[in-house]
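Down below is the structure, laid out as structure tokens.
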Amino acid sequence: MKIQNREKAYDGYFKIYKLTVEQHGQTFNREQFDRGDAVAALVFDTEKQQYILTRQFRVGSESELVEVVAGMVDKGEQPEESIKREIEEETGYHVDRLQHLHTFYSSPGGTTERVMLYYAEVTQQKGTGGGNAHEHEFIEILHLSPAELDALKTPDAKTIIAQQWARLQQK
């Protein structure tokens, strides 16, 4: 498959490109949702022995979701900087230790978004968290025991992957 042409079809909060693609002698069009790179982290308070997750309204699902801390990599930032910033903004915690777990595409059939998933250990909550009002974030902070994390039912893929990683660590 070869991309022969790329034109910006929409340039708003997100970007959409119209691609002209050639494959096996045939040419056709596809749309590509340019989402950018994302970061997410399963946050664990090592003193309280609790996981810290968030609950917030998500436009894509049109519902509130319980999920791991997540956000976008800002221009000029390294992913590790981005996830530390997101953890502090959303939960108020300073990161003591950070471990990269996986990098994966959220939906490679149509979007460019890569998610870099981390495990973060924290001990000190230095701020209130809750997100940034100027970004219209209204985030509830949740504290879950390992058993509650294991029992959590969520449709959110990055959180499911983090749950599976946590289950494997218990063995």
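The values are calculated or read from the model by the stated rules, or taken from the named source; none is laboratory data. None of these values were measured; they are calculated from a predicted model. Glycine also receives a Cβ, built like all others from the backbone with ideal geometry; neighbour counts cover every protein chain displayed.
If the condition is being touching an Asp or Glu at 6+ places or on another chain (Cβ under 9 Å) and exposed (fewer than 13 other Cβ atoms within 10 Å of the Cβ), then the stretch 14-55 contributes Phe14, Phe28, Thr46.
If you take the residues in the stretch 127-148 that are assigned to a helix (DSSP H, G or I) and touching a helix residue (DSSP H, G or I) at 6+ places or on another chain (Cβ under 9 Å), which one is nearest to Ala38 (Cα to Cα)? If we take residues in the stretch 127-148 being assigned to a helix (DSSP H, G or I) and touching a helix residue (DSSP H, G or I) at 6+ places or on another chain (Cβ under 9 Å), then Glu135 is nearest to Ala38 (Cα to Cα).
With respect to Phe44, is the statement that it is assigned by TED's automatic domain parsing to the domain that holds Leu152, in a strand (DSSP E or B) and either within 30 Å of Met1 (Cβ to Cβ) or β-branched (Val, Ile, Thr) (or both) true? Steps first, answer last, please.
Values: assigned by TED's automatic domain parsing to the domain that holds Leu152: yes; in a strand (DSSP E or B): yes; either within 30 Å of Met1 (Cβ to Cβ) or β-branched (Val, Ile, Thr) (or both): no.
No.
The set of residues in the stretch 90-126 being surrounded by 12 or more Cβ atoms within 10 Å (Cβ to Cβ), over 30 Å from Leu19 (Cα atoms) and in contact with a helix residue (DSSP H, G or I) (Cβ under 9 Å, 6 or more places away or on another chain) consists of Tyr93, His94, Val95, Leu98, His100, Leu101, Tyr118, Tyr119, Ala120, Val122, Gln125.
Please verify whether the stretch 149-168 includes one or more residues that are of a type in the set (A, V, I, L, M) and assigned to a strand (DSSP E or B).
Filtering the stretch 149-168 down to residues of a type in the set (A, V, I, L, M) leaves 149, 151-152, 157, 160-162, 166, 168.
Filter once more, so that each one left must be assigned to a strand (DSSP E or B): none.
No: the stretch 149-168 contains no residue that is of a type in the set (A, V, I, L, M) and assigned to a strand (DSSP E or B).
Only residues that are of a type in the set (Phe, Trp, Tyr) and more than 17 Å from Ile160 (Cα to Cα) were counted in the stretch 21-59, giving 3.
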